[in-house]
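Trainee: Handing you a structure now.
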Amino acid sequence: MSPAKDTYPTAPLHAIQDNRGQEPRLLAAGPDAGLEQHLDTFGPWEPNAAGAGLLEALGEAGLTGRGGAAFETWRKATAAAGSGRKGLFAARPVVIANGAEGEPLSFKDRTLLAHAPHLVIDGLAALAAALGGASMYVYAPAAGLPRVQQAIGERPRGNRIRVVQAPETFISGESSAVVNMIGNGNAVPTDQRRRLSESGLNGRPTLVVNVETLAQVALIARYGAQWFRQAGTAADPGTRLVSVSGPAPVRDVVLEVPGGAQLSAVLQEAGMDPAALSAVLVGGYHGRWVRPAAHALSPVGPPDRTARPGAGVIHALDLQTCGIQATARIVSYLADQSARQCGPCMFGLPAMASVLNRIAGGETNPRLASELDRLGRLVSGRGACRHPEGTTGLVSSALEVFAADFRAHLSGYCTGPGGAAA
Amino acid sequence: MKTHLHIDWTSCDGRGLCAELLPGVLDRDDWGYPVARGKTGRDRTDVPLRDADREAAQEAVFLCPKLALSLLDGRTPEPGTRVPGR
Ligand code: SF4
Ligand code: SF4
């Protein structure tokens with residue numbers, strides 16, 4: 001491992017970071033690690049002792065959520081801890097390990113739950129202890145449940161953790177959808193006048209935390225903030241798991257990369273040649289298309305040189321695939337995954353998908369591009385969850401990155417293999 | 001302290017009564033749902049109000065047939081941490 005100590009913005013972001021030196025942290029116990037193997041690798045564990053000072057350590061470590069929004073974990077946890085103590089009848093808080101991974105291109109959480117369930121449970125227990133004995137839930141899709149249940153069975157006080165099955169929908173992992181599913185069996189987002197940290201599951205202060213974030217919490221609880229910061233950059237400390245996929249024959253892989261890693265280095269590590277790719281989707285279906293060169297993976301930094309990792313999805317397109325068609329397929333899927341509760345999302349996303357499909361299908365009306373842009377502006381910011389703006393963000397990156405292809409399509413010819421890749 | 005008009009999109013049916021009561025604040029979109037004029041991002045769900053619009057906003061809150069509107073007084077809206085799909 002090469003501890004990268006550069007700081008944004010003083011150090012150049014394009015300085016190549018050597019991902020390949022990254023020792024595994026989260027998956028260090030090896031495949032299918034049981035409790036014994038887990039304790040052998042990471043050392044003994046006492047969650048209640050870990051609770052004291054944990055929130056401060058998370059703050060010093062600078063850990064951000066690994067589920068998509070990259071919000072500071074200590075802030076979220078402190079908010080829930082604070083509202084639990086307020087009022088006459090202090091409500092016991094709830095911590096939920098969120099393993100729902102509705103994103104079709106994401107598989108790192110599934111992989112983590114399969115191979116390092118104990119690290120996730122450690123992090124859950126530590127956070128629950130830090131919040132003064134919060135109730136614990138694990139929320140995961142059907143395929144991940146047996147492994148989680150087996151791991152819970154191996155734990156001394158595992159029976160205190162409840163397990164709830166997440167449906168296989170794109171928005172099933174949205175935090176209010178998670179709470180809604182556990183409370184009412186309906187995995188759709190709810191309107192949020194009150195924050196979940198004030199009033200979530202059964203009105204209790206609720207913390208929904210991605211499973212990888214929890215595994216990182218477990219490592220920080222054991223080894224401290226300084227150890228955590230030995231990887232990554234000052235602005236994006238630690239490591240993250242990424243789900244990398246690309247054109248055949250590249251196999252889908254989960255990699256652990258340091259914060260601020262170079263996208264091109266990650267692609268190479270997954271077996272791809274960045275020069276043979278037209279564009280890379282970073283952050284998943286609510287992410288952005290970028291050109292493969294000269295982007296660092298980091299939740300902070302200038303947009304022309306950084307790409308937000310979101311839920312850690314990296315998906316590469318080869319030069320033969322039309323970026324507009326690929327985007328049209330994704331947006332059709334996203335429109336279909338709208339929970340159909342909010343008008344602008346329910347009507348706006350299918351409208352966007354239809355315009356995109358018309359462009360992809362060869363319709364040559366030059367107004368279609370501006371119509372797409374207009375619809376994007378119309379729906380963004382208007383929904384109970386961020387599905388509309390996530391979708392429009394993807395579309396606007398497509399309009400930017402595939403601008404030449406759009407022009408070509410709309411004026412009656414497709415630039416063919418490779419589109420108009422810069 | 002700033003007042004925000006919160007729109008619960010899961011309840012709103014887009015008949016547009018609110019836009020009639022608050023013409024300076026709300027417009028209607030292609031499908032009849034309210035759009036905050038001149039606002040972007042989540043300010044279109046938690047719409048910041050000028051003092052002059054507060055009374056009309058209160059009226060809209062009372063008259064919305066779907067109880068989709070509410071006023072958030074002096075509370076900052078939820079930060080953008082909620083991302084679907086994970
Ligand atoms: S914005 Fe869309 S996906 Fe989100 S709750 Fe509303 S209808 Fe469902
Ligand atoms: S009055 Fe209520 S239901 Fe009608 S459009 Fe306005 S917010 Fe929606």
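The values are calculated or read from the model by the stated rules, or taken from the named source; none is laboratory data. Computed from a predicted structure; not experimentally measured. Cβ: placed from backbone, ideal geometry, glycine included. Neighbour counts: every protein chain shown. When the accessible area is computed, the model is the full protein with side chains, heavy atoms only, and any ligands, DNA or RNA have been set aside. Shrake-Rupley method; radii C 1.70, N 1.55, O 1.52, S 1.80 Å.
Trainee: Could you tell me what % of all Cα pairs in region A:187-327 have separations over 27 Å?
Mentor: 34
Trainee: Now a separate question. Is it possible to state the helix-based mean residue ellipticity at 222 nm for chain A, with each DSSP H run of 4+ residues giving -39500 (n - 2.57), the sum divided by total residues, to the nearest 500 deg cm²/dmol? What is it?
Mentor: Mean residue ellipticity at 222 nm (helix-derived): -12000 deg cm²/dmol.
Trainee: I've got another one for you. Under the rule that an exposed site lies in a DSSP loop and has at most 16 other Cβ atoms within 10 Å, name the longest stretch of chain A with no GluC sites (Glu not before Pro) of that kind, not counting the sites themselves.
Mentor: Counting at most 16 other Cβ atoms within 10 Å as exposed, the longest clean stretch of chain A is A:169-362.
Trainee: Need one number: the % of Cα-Cα pairs in chain A sitting beyond the 27 Å mark.
Mentor: Value for chain A (Cα pairs over 27 Å): 52 percent.
Trainee: Residue by residue through region A:290-305, which ³J(HN,Hα) values in whole Hz follow from phi under the Karplus form 6.51 cos²θ - 1.76 cosθ + 1.60 (θ = phi - 60°), with glycine and proline marked x?
Mentor: Each residue's phi maps through the Karplus curve to give 9, 6, x, 7, 6, 10, 9, 8, 6, x, 10, x, x, x, 7, 10 Hz.
Trainee: Further question: Reported to two decimal places, what Rg/Rh ratio describes region A:82-204 when computed on Cα atoms with Rh from the Kirkwood expression?
Mentor: Rounded to two decimals, Rg over Rh is 0.97.
Trainee: Please list, by residue number, every one of the trypsin sites (Lys or Arg not before Pro) in region A:145-225 that is coil in DSSP and has at most 16 other beta-carbon atoms within 10 Å.
Mentor: Filter output for region A:145-225: A:Arg157, A:Arg193, A:Arg194.
Trainee: Using a 10 Å cut-off on Cβ to Cβ distances, tally the other chain neighbours for every residue of A:59-70 and report the average as a whole number.
Mentor: The per-residue average across the peptide is 2.
Trainee: OK, next. Using the Karplus curve 6.51 cos²θ - 1.76 cosθ + 1.60 with θ = phi - 60°, what ³J(HN,Hα) values do you get for each residue of region A:206-216, in whole Hz, with x for Gly and Pro?
Mentor: Those phi angles translate into 10, 10, 9, 10, 4, 5, 5, 4, 5, 5, 5 Hz.
Trainee: Additional query: Based on alpha-carbon centroids, what's the gap between region A:172-235 and region A:274-309 in Å, whole number please?
Mentor: 25
Trainee: Please state, rounded to one decimal and in Å, the Kirkwood hydrodynamic radius that region A:143-226 gives when every pair of distinct Cα atoms enters the mean of 1/r.
Mentor: Result for region A:143-226 stands at 14.6 Å.
Trainee: Can you pull out the buried accessible area for chains B and A, both sides counted, probe 1.4 Å, rounded to the nearest 100 Å²?
Mentor: That pair hides around 3300 Å² of surface in total.
Trainee: Averaged per residue, what accessible surface does region A:177-228 expose to a 1.4 Å probe, in Å²?
Mentor: For region A:177-228, the per-residue accessible area is 31 Å².
Trainee: How tilted is helix A:175-184 with respect to the longest principal axis of chain A? Cα atoms for both, answer in degrees (0 to 90, nearest 10).
Mentor: 60
Trainee: For A:Arg147 paired with B:Asp73, estimate the spin-label separation in nm (one decimal), with each label point 7 Å from Cα along the Cα-to-Cβ line.
Mentor: Taking the simple label geometry, A:Arg147 and B:Asp73 are separated by 5.2 nm.
Trainee: Can you compute the FRET efficiency between B:Lys2 and A:Arg305 using 1/(1 + (r/R0)^6), with r the Cβ-Cβ distance and R0 = 35 Å? Round to the nearest 0.05.
Mentor: 0.50
Trainee: Points 7 angstrom from Cα along the Cβ direction at B:Asp13 and A:Arg222: gap in nanometres?
Mentor: My value for the distance between the label points is 5.6 nm.
Trainee: Please give the helix A:323-336 orientation as an angle from the longest Cα principal axis of chain A, in degrees from 0 to 90, rounded to the nearest 10.
Mentor: So the helix axis and the longest Cα principal axis differ by about 50 degrees.
Trainee: Here's another thing I want to ask about it. What ³J(HN,Hα) values, in whole Hz, does the Karplus curve 6.51 cos²θ - 1.76 cosθ + 1.60 give for region A:371-381 when θ = phi - 60°, with x put for Gly and Pro?
Mentor: For region A:371-381, the Karplus curve yields 5, 4, 4, 4, 4, x, 5, 6, 8, 4, x Hz.
Trainee: How high is the relative contact order of region A:211-258? Use alpha-carbon pairs under 8 Å, at least six apart in sequence, and give a whole percent.
Mentor: 26
Trainee: Among DSSP bridges having both ends in the protein assembly as shown, what percentage is antiparallel? Round to the nearest 5.
Mentor: Taking every DSSP beta bridge within the protein assembly as shown, about 55 percent pair in antiparallel fashion.
Trainee: Show the residues, 5+ positions off or on another chain, whose built amide H is closer than 5 Å to the amide H of A:Ser278.
Mentor: When sequence neighbours closer than 5 places are left aside, the close amide H contacts are A:Leu317, A:Asp318, A:Leu319.
Trainee: Ok, one more. Name the residues of region B:1-47 whose accessible area, probed at 1.4 Å, falls by at least 20 Å² once all protein chains are in place instead of their chain on its own?
Mentor: B:His6, B:Asp8, B:Trp9, B:Thr10, B:Asp29, B:Asp30, B:Trp31, B:Tyr33, B:Val35, B:Gly41, B:Arg42, B:Arg44
Trainee: What number comes out for the charge environment of A:Gly153, summing +1 per Lys or Arg and -1 per Asp or Glu over other residues with Cβ under 14 Å away?
Mentor: +3
Trainee: Then there's this: Counting only other chains, what is the mean number of Cβ atoms within 10 angstrom of the Cβ of each residue in peptide A:338-346?
Mentor: Counting Cβ atoms of other protein chains within 10 Å of each residue's Cβ and averaging gives 5.
Trainee: Give me the tail of P(r) for region A:82-152 as a percent: Cα-Cα pairs with distance above 16 Å.
Mentor: Taking all Cα-Cα pairs of region A:82-152, the fraction more than 16 Å apart is 52 percent.
Trainee: Where Lys and Arg each count +1 and Asp and Glu each count -1, what net charge lies around A:Thr327 among other residues with Cβ under 12 Å from its Cβ?
Mentor: That works out to 0.
Trainee: Still on this structure, I have one more. Per the Debye formula with a single identical scatterer at each Cα and no solvent contribution, what log10 I(q)/I(0) holds for region A:347-407 at q = 0.18, 0.20, 0.26 Å⁻¹?
Mentor: Rounded to two decimals, the profile gives -0.58, -0.71, -1.12.
Trainee: Which percent of the accessible heavy-atom area of region A:32-79 goes to carbon and sulfur, probe 1.4 angstrom?
Mentor: Here carbon and sulfur together make up 54 percent of the probe-accessible area.
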